[in-house]
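Structure first, then comments.
The values are calculated or read from the model by the stated rules, or taken from the named source; none is laboratory data. Being a predicted model, the structure only gives us computed values, none of them experimental. Every residue, glycine among them, receives a Cβ derived from its backbone with ideal geometry; neighbour counts consider all protein chains shown. Just the protein is used for accessible areas: all its heavy atoms, side chains included, with ligands, DNA and RNA removed. Shrake-Rupley method; radii C 1.70, N 1.55, O 1.52, S 1.80 Å.
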Amino acid sequence: MSTPAPKSPGWLDWHPNPSRPVFQLPPGAVDAHCHVFGPQERFPFAPERKYTPCDGGKEQLFALRDRLGVSRNVIVQATCHGVDNSAMLDAVLASDGRARGVATVRPDIDDAELRRLHEAGVRGVRFNFLKRLVTAAPRDELAAVARRVAPLGWHVVLYFESADLPELEGFFASLPTPLVVDHLGRPDVTAPADGPEFSRFLRFVEHNDVWVKVSCPERLSVTGPPALDGERHAYTDVVPFARRVVEEFPDDVLWGTDWPHPNLTGHMPDDGLLVDHIPRVAPTAEHQRKLLVDNPMRLYWPGESAG
Ligand code: 0GY
């Protein structure tokens, strides 16, 4: 057995004891953005990774799911595992049908492997444009991947910085699948939510087949976590951005925890607080049901009842 690689300097482990949320999730709620890391003794991290995380395996993910009152998960391949989808697949297969996966694949993946991923529960591929996370694949390779997965009914998950959208949106619009944008398109939350940058993002959502993850307030926020112990309002500066997306596109939004929260500096969120953030951005029971249940069920478990 190889010696586990040491965590990246300053790496923050996931919250060991998240609080119980005050907000009760509706029955059938889906955490549509989370990851598994390793455990690296069983699922070694990719040699080309740009960070080495702590372990955060399926048992811990499923324990968090149950503690928060979530019913299902969408497990997104994390960059630290490169194109080796084994840890993600192992978790999806162990979930009794309560998880779907989003993979990272190369364009030369063969049909049998794609079919195997589909049968295991994969429904999308992720394209990542953050330089601190990956050396982005050439666009012709990404377009080839999208063409390979489109016939399976999969979508492409996009992770990019808002400042890069003007340069990327033509490419995104050319892809033949639905698109799912991570973390509100990473807006600069010090700019106004009705300002030109975020408005441009919303027009991109409006004019294309785009879903938006209303996720990661802890990653986007500048004002940060609650100032006082026990206070349950946090990440206030992100609220107008998230709320605008939920109100303008109530049928195209998804929510997720982003557990185990890679690459955070400063603080590790209490996942219970992330659940309590939801009613601030999705104010009505109808908005909440769409965000948490109806929309992710339609995208990841079409035809199944949330039950
Ligand atoms: C996220 C965000 C990040 C990392 C990854 O796959 C990843 O490594 O997605 C990040 O560092 O912003 O969605 O988990």
So which residues in region 69-81 are over 18 Å from Leu292 (Cβ atoms) and either away from the ligand (no atom under 12 Å from the Cβ) or open to solvent by 10 Å² or more (accessible area, probe 1.4 Å) (or both), if there are any at all? Thr79
For region 98-108, what are the residues that are more than 13 Å from the ligand (Cβ to nearest atom), open to solvent by 30 Å² or more (accessible area, probe 1.4 Å) and farther than 18 Å from Pro302 by Cα? Arg106, Pro107, Asp108
Tell me, yes or no, whether region 277-292 has at least one residue that is acidic (Asp, Glu), more than 16 Å from the ligand (Cβ to nearest atom) and modelled with pLDDT of 95 or more. yes
Just a yes or no: is a residue in region 209-216 of a type outside the set (Ser, Thr, Tyr) and either farther than 21 Å from Tyr300 by Cβ or in contact with a Cys (Cβ under 7 Å, 6 or more places away or on another chain) (or both)? no
Mind listing whichever residues of region 5-37 are within 21 Å of Ala94 (Cβ to Cβ) and away from the ligand (no atom under 13 Å from the Cβ)? Gly28, Ala29, Val30
Tell me, yes or no, whether region 149-167 has at least one residue that is touching a Pro at 6+ places or on another chain (Cβ under 8 Å), within 30 Å of Phe45 (Cβ to Cβ) and exposed (fewer than 14 other Cβ atoms within 10 Å of the Cβ). no
For region 206-219, give me each residue that is assigned to a helix (DSSP H, G or I) and within 16 Å of the ligand (Cβ to nearest atom). Pro217, Glu218, Arg219
Test each condition in (1) closer than 22 Å to Gly10 by Cα; (2) open to solvent by 40 Å² or more (accessible area, probe 1.4 Å); (3) within 20 Å of the chain's Cα centre (by Cα) for Asp188 and report the one that comes out false. (1)
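Would you confirm, using the coordinates I've provided, whether Ser95 is among the hydroxyl-bearing types (Ser, Thr, Tyr), surrounded by 15 or more Cβ atoms within 10 Å (Cβ to Cβ) and within 16 Å of the ligand (Cβ to nearest atom)? Before you say what the answer is, go through the steps one by one.
Details: among the hydroxyl-bearing types (Ser, Thr, Tyr): yes; surrounded by 15 or more Cβ atoms within 10 Å (Cβ to Cβ): yes; within 16 Å of the ligand (Cβ to nearest atom): no.
Judged against the criteria, Ser95 is not a match.
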Is it the case that Asp258 is within 14 Å of the chain's Cα centre (by Cα) and either in a loop (DSSP other than H, G, I, E, B) or more than 15 Å from the ligand (Cβ to nearest atom) (or both)? yes
In region 289-307, the residues that are open to solvent by less than 20 Å² (accessible area, probe 1.4 Å) and in a helix (DSSP H, G or I): Leu291, Leu292, Val293, Asn295, Pro296, Met297, Tyr300
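Of everything in region 49-61, what is out of contact with any Lys or Arg (no Cβ under 9 Å at 6 or more places or on another chain) and either on the phi > 0 side of the Ramachandran plot or within 12 Å of the ligand (Cβ to nearest atom) (or both)? Give them in sequence order.
We begin by selecting, within region 49-61, every residue out of contact with any Lys or Arg (no Cβ under 9 Å at 6 or more places or on another chain); these are 49, 55-56, 58-61.
Of everything in region 49-61, those that are out of contact with any Lys or Arg (no Cβ under 9 Å at 6 or more places or on another chain) and either on the phi > 0 side of the Ramachandran plot or within 12 Å of the ligand (Cβ to nearest atom) (or both) turn out to be Arg49, Gly56.
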Taking into account only those residues within region 82-92 that are out of contact with any Phe, Trp or Tyr (no Cβ under 7 Å at 6 or more places or on another chain) and closer than 18 Å to His33 by Cβ, which is nearest to the ligand (Cβ to nearest atom)? Met88
Show the residue pairs meeting these rules: Cβ distance below 8 Å; 6+ apart or different chains; first residue within region 60-81 and of a type in the set (S, T, N, Q); second residue modelled with pLDDT under 95 and part of a helix (DSSP H, G or I). none
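Consider Arg126 carefully, then state whether it is open to solvent by 20 Å² or more (accessible area, probe 1.4 Å) and touching a residue at least 24 places away in the same chain (Cβ under 8 Å).
Criteria met by Arg126.
Could you check how many residues of region 109-140 are within 16 Å of the ligand (Cβ to nearest atom) and out of contact with any strand residue (DSSP E or B) (no Cβ under 9 Å at 6 or more places or on another chain)? Steps first, please.
Looking only at region 109-140, we keep the residues that are within 16 Å of the ligand (Cβ to nearest atom), and these are 122, 124-137.
Narrowing further to those that are out of contact with any strand residue (DSSP E or B) (no Cβ under 9 Å at 6 or more places or on another chain): 131-132, 135.
Residues in region 109-140 being within 16 Å of the ligand (Cβ to nearest atom) and out of contact with any strand residue (DSSP E or B) (no Cβ under 9 Å at 6 or more places or on another chain): 3 in total.
Would a scan of region 172-184 turn up a residue that is over 29 Å from His118 (Cβ atoms) and buried (at least 22 other Cβ atoms within 10 Å of the Cβ)?
Step one: of region 172-184, the residues over 29 Å from His118 (Cβ atoms) are none.
Checked region 172-184: no residue is over 29 Å from His118 (Cβ atoms) and buried (at least 22 other Cβ atoms within 10 Å of the Cβ).
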